[in-house]
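The values are calculated or read from the model by the stated rules, or taken from the named source; none is laboratory data. Just so you know, these numbers come straight off a predicted model, no measurement behind them. Quick reminder, even Gly has a Cβ in these numbers, built from the backbone with ideal geometry, and neighbours come from all protein chains shown.
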Amino acid sequence: VGPTIAAGEILVEIMATDRGLGFLEPLTLVGPYPSGAPAIFIDQVARLGGSAGLIGCVGRDDFGTINLERLQRDGVDVSAVAVSDRYPTGSAFVRYRPDGGRDFVYNIAESAAGQIRLTHEARQLADRAGHLHVMGSTLSVAGLRDIVAYATKAVRARGGSTSFDPNVRKELIDGADGTQFSALVDDADLLLPSGEELLTAAGVDDECQAVKALIARGVGEIVLKRGAAGSSRFAADGSRIDCAGFLVEEVDPTGAGDCFGATYLTCRRQGMEPGKALFYANAAGARNVTRRGPMEGVTGFDVLDGFIAGTQRAT
Ligand code: ADP
């Protein structure tokens, strides 16, 4: 029992509408949209009726306000989100390459998101939590490493669980300590890699071997995100469940992995069996990519059930 909590960057995202153009030429940009992987994740938890809290920091500005208002409206406990008078809310600019890939320009280190500290409010939230979700991007901010260390201990002491999404962005992780990454992998009850991250986390180049190696290292269960192809779930008892993706037109892929992970976790915390949780997670990820804006596709069970009823799946 106790809320699911996450910690990390709360940002606004400003995105290019023209696919294929680089930042070196004038672009049409839209936004600001509420964003930041931990914020998207925890908002999705709340929208599914899960008790949810976020540790973070925003500036005392409009970009901070749109995030706080959205999170509060959706039912997230923001008591541990500090408001900085000195630093502006962090931001991310994204543009899409012709091959569908993305390039980001981040303003995090010198923003409020870079000032996250283990505050009194953060300790209080962690002391009540039943589940801690950690993102790979956490490793880029010093204060977050303290928060994760404290919250992991606090959650474990209460008999709670942890999940880790090794969503490492090269721009954010350069220079970070690899041993800390390994410890986060090994400690995870639930690991949520996407694509190549499974192999990177295991240090091998075969999917089956990677799963075996990680389970042997102590990971409780692995849910692998496969983009449009769907997902797979591997458990410590050797069982495997595959779930085909829904057929949708991708408008904006940002946030899909966070919606997916939050949905799987919340369904499981609500007592749903793994296959059904994976199915809902696939639906949440697929629906998210049909909406422009990272947090705009976050949704509750009512909308997900409608989406499932009206959408075909790949075979
Ligand atoms: P991440 O955002 O972490 O890289 P993915 O891109 O794999 O993760 O997306 C997470 C999940 O969202 C996928 O496992 C899938 O269920 C769903 N999803 C993502 N992109 C699509 C897509 N184009 N079509 C259908 N489902 C998708």
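The sole residue among G203, G159, G130 that is modelled with pLDDT of 95 or more, away from the ligand (no atom under 16 Å from the Cβ) and at positive phi is G159.
Does M295 satisfy being out of contact with any Cys (no Cβ under 7 Å at 6 or more places or on another chain), over 16 Å from L192 (Cα atoms) and either polar (S, T, N, Q) or away from the ligand (no atom under 14 Å from the Cβ) (or both)?
Working: out of contact with any Cys (no Cβ under 7 Å at 6 or more places or on another chain): yes; over 16 Å from L192 (Cα atoms): yes; either polar (S, T, N, Q) or away from the ligand (no atom under 14 Å from the Cβ) (or both): no.
Taking the combined requirement at face value, the residue does not satisfy it.
Out of the residues in the stretch 56-95 meeting the condition of being touching a helix residue (DSSP H, G or I) at 6+ places or on another chain (Cβ under 6 Å) and in a strand (DSSP E or B), tell me which one is surrounded by the fewest Cβ atoms within 10 Å (Cβ to Cβ). Of everything passing the filter in the stretch 56-95, S79 is surrounded by the fewest Cβ atoms within 10 Å (Cβ to Cβ).
When each of T266, T299 is tested for being assigned to a loop (DSSP other than H, G, I, E, B), among the polar types (S, T, N, Q) and crowded, with 18+ Cβ neighbours inside 10 Å, the lone residue that passes is T299.
Has the stretch 285-298 got any residue that is of a type in the set (V, I, T), touching a Lys or Arg at 6+ places or on another chain (Cβ under 8 Å) and at negative phi? Yes: one or more hits.
Residue pairs whose Cβ atoms lie under 6 Å apart, separated by 6 or more positions or on different chains, with the first residue in the stretch 196-214 and closer than 16 Å to R233 by Cβ and polar (S, T, N, Q) and the second modelled with pLDDT under 90 and surrounded by 11 or more Cβ atoms within 10 Å (Cβ to Cβ), do not occur.
Hey, among the residues in the stretch 136-169 that are of a type in the set (A, V, I, L, M, F, W, C) and farther than 20 Å from T119 by Cα, which one's surrounded by the fewest Cβ atoms within 10 Å (Cβ to Cβ)? Looking at residues that are of a type in the set (A, V, I, L, M, F, W, C) and farther than 20 Å from T119 by Cα, I get V168.
Within the stretch 163-181, the set of residues being within 14 Å of R145 (Cβ to Cβ) and either more than 12 Å from the chain's Cα centre (by Cα) or at pLDDT below 85 (or both) comprises L172, I173, G175, A176, D177, G178, T179, Q180, F181.
Considering each residue of the stretch 10-35, count those that are assigned to a loop (DSSP other than H, G, I, E, B) and at pLDDT below 95, and give that number.
The initial filter retains those residues of the stretch 10-35 that are assigned to a loop (DSSP other than H, G, I, E, B), namely 10, 17-28.
Still in the running and at pLDDT below 95: 17-28.
So the answer is 12.
Collect the residues in the stretch 133-147 that are assigned to a helix (DSSP H, G or I) and at pLDDT below 95, keeping them in residue-number order. Show your work before the answer.
Taking the stretch 133-147 first, the residues assigned to a helix (DSSP H, G or I) are 136-140, 142-147.
Once the filter is applied, which keeps residues that are assigned to a helix (DSSP H, G or I) and at pLDDT below 95, the stretch 133-147 yields G136, S137, T138, L139, S140, A142, G143, L144, R145, D146.
Among residues of the stretch 245-263 being buried (at least 16 other Cβ atoms within 10 Å of the Cβ) and of a type in the set (A, V, I, L, M, F, W, C), the one that is nearest to D305 (Cα to Cα) is F246.
Given the condition under 28 Å from A235 (Cα atoms), modelled with pLDDT of 95 or more and more than 11 Å from the ligand (Cβ to nearest atom), answer yes or no: does some residue in the stretch 277-290 qualify? Checking the stretch 277-290: at least one residue is under 28 Å from A235 (Cα atoms), modelled with pLDDT of 95 or more and more than 11 Å from the ligand (Cβ to nearest atom). When residues in the stretch 269-295 are screened for being of a type in the set (A, V, I, L, M, F, W, C), buried (at least 18 other Cβ atoms within 10 Å of the Cβ) and in a loop (DSSP other than H, G, I, E, B), 1 of them pass. Can you confirm whether the stretch 217-235 contains a residue that is away from the ligand (no atom under 13 Å from the Cβ), exposed (fewer than 13 other Cβ atoms within 10 Å of the Cβ) and without any contact (Cβ under 8 Å) to a residue 12 or more places away in the chain? Within the stretch 217-235, not a single residue is away from the ligand (no atom under 13 Å from the Cβ), exposed (fewer than 13 other Cβ atoms within 10 Å of the Cβ) and without any contact (Cβ under 8 Å) to a residue 12 or more places away in the chain.
Note on the stretch 36-55: residues that are at positive phi and either in contact with a strand residue (DSSP E or B) (Cβ under 9 Å, 6 or more places away or on another chain) or assigned to a strand (DSSP E or B) (or both) total 1. Candidates are the residues of the stretch 249-268 that are more than 18 Å from I222 (Cβ to Cβ), within 9 Å of the ligand (Cβ to nearest atom) and of a type in the set (D, E, K, R); the one that is modelled with the highest pLDDT is E249.
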